[in-house]
Every structure is written in C-alpha cells, then in structure tokens.
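Report on the structure given below.
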Amino acid sequence: MDNVHIPVENMSWLFLLLVFLFTVEALTGGLKEATRRDLGLTSFLFVFNSAVMRPLVGIGLGLGAMALFPQYANALDGVTFWIAFPVTLFLMEWIFYWTHRWSHIGQKKGSKLTWLWKIHRTHHSAKHLDTSVTVRQNIFWTILSPHGWFVAVCVFVGWETEIALSLGIMYVWNLLTHTNWRWDESMLKHPAFRALAHIIITPSLHHTHHGYGKDGKMYRNYALTFAFLDWAFGTLHIPEGRPSRYGVPGEDPHWTEEAFYPLNRLVRKSDKIQTTDSV
C-alpha cells in the first residue's frame, strides 16, 4: 500500500453513493414522512457546501499552510501506510467525537457553547432521518468538522492516501447509519450483536441520537463510527426500539438561521445599525 496513491479529489464517488441510496429510499417509500421544507433545505446545503464551502476550506488551508509552514509540506510522507492509516482514522474519529459532544453541551441553558449548538442544530432539525441528512450541515460546520480541516492538514503533511481511505470508510458508514432502513433492529436482540454495538455505531444507535421522546437520546452516541468512544466516556446508549420523534423540540428557526448562522445575525445587526444611523 505504500506505493499506492489515492487523491482526495477521487472521493467524489461518495456523493454518487449518497444520491443512489437516497433514490432507493425514495423509490421504496422511505421518504413518506420527509417534509418539503426539510428536503429543500437539505438540497440547498448539499449544493452550497459541496460547490463553495468545502473547496474554500481545502484550498484556503492548503495555501495558508504553504505560506506559513512550507517546511512541513510532505513532512510525514515517509511514514509507512500501516501506521499512518490507523492514526488518521482514529484521530479523525476522536476529533469528531469531542467536537460533536461539545456542540450538544451548547443545548444546555446558560452554556458558553450555545453558538456551537446553533451551528450543529441544522443537522438535527430534520423531522425525518434518511441518508440525505448526512449533508444537511450549516455552512460553518464544514469548517469546524474534522472532515474538512483535518483532511486538508493530512494532505499537506503527505498522508493523502491514508486520509482518503479514512474519509471513505467514515462517510460510507455515516450513510449507512443515517439510512431509514434499520437493518440492525432485529439483530440488536441478540447478545453477540449488542456486544458489537459497544464497538461500532449502528443505525439504531445513531437514530436514537437524532430522536427525542421515547428511546430518543440526543445526549448520547456522539461517535460517527467507533461506539467504543461513547462506551469509554459514558455516552453510549443501546436502544430497545425507535425514537418516538425526530428533530429538535420547538419551532424551527428561519431557514437562513439554519443555513448561515451566525452570519445571518451579523447581517441583521448591521442592517439595524444602518437604519438607526439614517434616523
């Protein structure tokens, strides 16, 4: 594997997989409960983040790193694949777990991380869970998530193949855990599979994280792939059934709030200042 090179740009097949799975869900009746608002916001964010935000993060970080730290370009290129690959896979999951967990701490009243929850809230506001929700992200989550900046860092230091494979594994598994085909539901009744659910995140575990009410635990199951992180840090919940409801309790904010917070607040504040000055 040390002689194999997989460019990150070649990972566009992941988006084709998303479109394929989403189409299958639609044709098999899996989107009956999805609202027009949810599908519209998700589609907009998918296009905007793919066409604008992700290229900006990758190119911006790459150019910045070359300007500020040129001595570290390809600095780790000589590290063998069998060390670099598990390191990138684990580190990306580790960073995601804590970023994700901190964002939910922002839900608590009086938290200093309220701003982080408002950015992540967009991913949770969908009233129905399917594969498309994987790309339902506030534009600034693409900056905060390690799937943007950490990937760029790994490419810069010479671990492009390793991070491309790590990204592929995590994204495919993320699609499978968001799908509304709860293929693990019956298996969770068996002790062996429940034991496996302490190691790997399954659809039931992630659906629970997106739900509230009966068997909805938004403060549990933060990991994307490795459930053992939740197990180790006391945030694992293995459900007995499906959540009674999906989404976030209360009224939905305006779609601009979900897509662009806190940018929309800054624009609104600027407009108020200009109006006051004119008066």
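Of all residues in region 137-163, count the ones that are within 29 Å of residue 264 (Cβ to Cβ) and of a type in the set (Phe, Trp, Tyr).
Residues in region 137-163 being within 29 Å of residue 264 (Cβ to Cβ) and of a type in the set (Phe, Trp, Tyr): 4 in total.
Tell me yes or no: at least one residue of region 179-194 is surrounded by fewer than 17 Cβ atoms within 10 Å (Cβ to Cβ) and of a type in the set (A, V, I, L, M).
yes
Working only within region 231-279, note down all residues that are in contact with a helix residue (DSSP H, G or I) (Cβ under 7 Å, 6 or more places away or on another chain), part of a helix (DSSP H, G or I), at pLDDT 90 or above and not charged (D, E, K, R).
Hits for region 231-279 are 255, 256, 259.
Give the residue, chosen from 221, 180, that is part of a loop (DSSP other than H, G, I, E, B), of a type outside the set (Phe, Trp, Tyr), over 30 Å from residue 80 (Cα atoms) and at pLDDT 95 or above.
221
Out of 102, 98, 94, 117, I need the residue that is surrounded by fewer than 16 Cβ atoms within 10 Å (Cβ to Cβ), within 17 Å of the chain's Cα centre (by Cα) and more than 19 Å from residue 162 (Cβ to Cβ). Which one?
Details: 102 fails: surrounded by fewer than 16 Cβ atoms within 10 Å (Cβ to Cβ); 94 fails: more than 19 Å from residue 162 (Cβ to Cβ); 117 fails: surrounded by fewer than 16 Cβ atoms within 10 Å (Cβ to Cβ).
After ruling out the rest, the residue left standing is 98.
I'd like to check something: does region 134-141 contain any residue that is crowded, with 22+ Cβ neighbours inside 10 Å, among the aromatic types (Phe, Trp, Tyr) and assigned to a loop (DSSP other than H, G, I, E, B)?
no
Among 224, 229, which is under 19 Å from residue 102 (Cα atoms), surrounded by 15 or more Cβ atoms within 10 Å (Cβ to Cβ), in contact (Cβ under 8 Å) with a residue 24 or more places away in the chain and in contact with a His (Cβ under 9 Å, 6 or more places away or on another chain)?
Of the residues listed, the single one that is under 19 Å from residue 102 (Cα atoms), surrounded by 15 or more Cβ atoms within 10 Å (Cβ to Cβ), in contact (Cβ under 8 Å) with a residue 24 or more places away in the chain and in contact with a His (Cβ under 9 Å, 6 or more places away or on another chain) is 224.
Polar (S, T, N, Q), at pLDDT below 90 and exposed (fewer than 10 other Cβ atoms within 10 Å of the Cβ): does that describe residue 10?
no
Return yes when residue 155 is of a type in the set (A, V, I, L, M, F, W, C), in a helix (DSSP H, G or I), over 18 Å from residue 86 (Cβ atoms) and touching a residue at least 40 places away in the same chain (Cβ under 8 Å) and no when it is not.
It is false that residue 155 is of a type in the set (A, V, I, L, M, F, W, C), in a helix (DSSP H, G or I), over 18 Å from residue 86 (Cβ atoms) and touching a residue at least 40 places away in the same chain (Cβ under 8 Å).
Among the residues of region 74-91, how many are exposed (fewer than 14 other Cβ atoms within 10 Å of the Cβ) and among the small types (Gly, Ala, Ser)? Step through it out loud before you land on a result.
Going residue by residue through region 74-91, those that are exposed (fewer than 14 other Cβ atoms within 10 Å of the Cβ) are 74-75, 77-78, 80, 82-83, 86.
Now restrict to residues that are among the small types (Gly, Ala, Ser): 75, 78.
Matching residues across region 74-91 total 2.
The values are calculated or read from the model by the stated rules, or taken from the named source; none is laboratory data. Values in this document were obtained by computation on a predicted structure and should not be read as measured data. Here the Cβ is made from the backbone with ideal geometry for all residues, glycine too, and neighbour counts use every protein chain on show.
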